[in-house]
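The values are calculated or read from the model by the stated rules, or taken from the named source; none is laboratory data. None of the values given here were measured: they were computed from a predicted structure. Here the Cβ positions follow ideal geometry from the backbone for every residue, glycine too, while neighbour counts run over all protein chains shown.
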Amino acid sequence: MTSISNAEVEQWGIFELALEGSSEGNPFLDNQLTARFSQKHRSIEVDGFYDGDGIYRVRFMPDSTGTWHYTTASNLESLNGKEGSFESTRPSADNHGPVQVANTYHFAYADGKPYKQIGTTCYVWTHQGDALEEQTLETLRNAPFNKMRMCVFPKHYSFNENEPEYYPYPLLSKGSSKWGGSWEGEKKGWSFDYSRFEPAFFQHFEQRVADLQKLGIEADLILLHPYDRWGFAFMSAEDDDRYLRYIVARLAAYRNVWWSMANEYDLMPQKSIADWDRMFKVVQESDPYQHLRSIHNCRGFYDHSKPWVTHQSIQHSSLDQVRRWREEYKKPVVVDECCYEGNIPQFWGNITGPEMVHRFWEGTTFGGYVGHGDTFKDPNDILWWAKGGTLRGESAPRLAFLGKILEEGPAEGLDPQDGLIRSKPPFVGKAHEYYLSYFGRNRPAWLNLNLPEGEKYQGEVVDTWEMTVTPLAEPVVGGQDIELPGKPYQALILRRIN
């Protein structure tokens, strides 16, 4: 039996081929399936995967319109040599393709539309059951976020000790769900068959990735993490690599996927830097579309200059370091974790709404991007940063306001601009066209800028918390004082008018 999910697919959509084959033995190990998709002189090879119940699938994301032809190859006769074609049509209005690095330090969709990241973290929202997961999606529908950091595997940590509905592997024996050991310890009593995957787990997970895609949200998928009581953080190199190839085969055709090798990789001493290098290369070599790839630290940085790293995913509370990281690695900087807005005892989860917004603006005006989290005490331990649900903080509408300002700024992104002022504050923008500065907790009553002679700018004072934009009465030129409110959390935008 051959099943084609759609004989006509939009550019950057998903063409899926389902084939019926043997379920004897261990299909995950014993049987291989690939397909070659061709259009004129181009050819792209894609790995297939076993999806349970004797069904094998191949998914393909066409990156251009027109007719695509395919041929399968397999060690199973029933899967081998299947041929066909489909039409790739123009993408729909809200389909801009995968996000890629653009202009060295920034991002854009495949069709060239700029992508200005306003991210959030919801680590294990896909492991909470349909009711809470649907509530999370409803919250996202009205939130400013265009990227979600999320774990593939379930997580064991404070405020997150419930058992997931699905496991990624067949369960052989169950350990204690109240294991009190540290995440750096060994697994306690859990046993899984790592030679087989549990299709229901991945089917559910990829449905949530598709749900995010419908909302225009990038899914930054954390492939491994240390907060684990089941043993997934302690798999062998062979099992790690098999898992990575399987998830790439299943999910790479989703245009909104990013790969994050790990959250806080440096809290996993059982894996060496050589292991992370190897796993990066497994993902890079397995992904025919070359989605974005990163790795997230707790304390020590991975070497972001390595060729398989596309951008920097950083945990740090000092946003004034963003420019230094840009210059050191020559790649986009996303401070995915700069502490979270909330009121829990942990220091990283109790900054105020104004402080959260301040850090976003500070990271922006040093040339980078920043991530959000919401960690407010809840009697049922439903914290957005872990499980999703609803947002409780004050920062989200202010981040939407920032996102609108970024969208209205230079398409190429905001880069540091030197020479406008003798000391702080820093300016970013595009030389001779657009400048943005943010004063943070400082409150200057006026500035005098070294703008190029003969250039005039329309100035706007931005109150980042009150979300107001007030045009200056007179054009701004070099050498003349600019009057400012003398309040904290103000910004200044200059747009050239001659």
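Here are a few things to note about the model shown:
- When we screen A237, A252 for residues that are small (G, A, S), touching a His at 6+ places or on another chain (Cβ under 7 Å) and either closer than 28 Å to V46 by Cβ or surrounded by 22 or more Cβ atoms within 10 Å (Cβ to Cβ) (or both), the only hit is A252.
- Inter-residue pairs, beta-carbon under 8 Å, first free of Cβ contacts under 8 Å to residues at least 24 places away in the same chain and in the stretch 466-493, second assigned to a loop (DSSP other than H, G, I, E, B), 6+ apart: P475/K456; P475/I497
- One residue from F49, F15, F37 being within 21 Å of F201 (Cα to Cα) and aromatic (F, W, Y): F49
- Residue within the stretch 77-93 that is of a type in the set (A, V, I, L, M) and either in contact (Cβ under 8 Å) with a residue 24 or more places away in the chain or touching a helix residue (DSSP H, G or I) at 6+ places or on another chain (Cβ under 8 Å) (or both) present: yes
- First in the stretch 350-379 and at positive phi, second anywhere and in a helix (DSSP H, G or I), Cβ under 7 Å, 6 or more apart: G367/V322; G367/R323; G367/R326
- Among (1) of a type outside the set (G, A, S); (2) crowded, with 16+ Cβ neighbours inside 10 Å; (3) assigned to a loop (DSSP other than H, G, I, E, B) - the single one K306 does not satisfy: (2)
- Yes/no for I405 being modelled with pLDDT under 95 and either surrounded by fewer than 22 Cβ atoms within 10 Å (Cβ to Cβ) or in the same structural domain as E163 (by TED's automatic domain parsing) (or both): no
- Every residue from the stretch 140-153 that is within 19 Å of Q128 (Cα to Cα) and either crowded, with 20+ Cβ neighbours inside 10 Å or modelled with pLDDT under 95 (or both): L140, M148, R149, M150, C151, V152, F153
- Looking across the stretch 116-133 at every residue that is more than 16 Å from G363 (Cβ to Cβ) and in contact with a Phe, Trp or Tyr (Cβ under 7 Å, 6 or more places away or on another chain), the one that is surrounded by the most Cβ atoms within 10 Å (Cβ to Cβ) is identified as T126.
- Scanning the stretch 54-68 for residues that are exposed (fewer than 14 other Cβ atoms within 10 Å of the Cβ) and touching an Asp or Glu at 6+ places or on another chain (Cβ under 9 Å) yields G66, T67.
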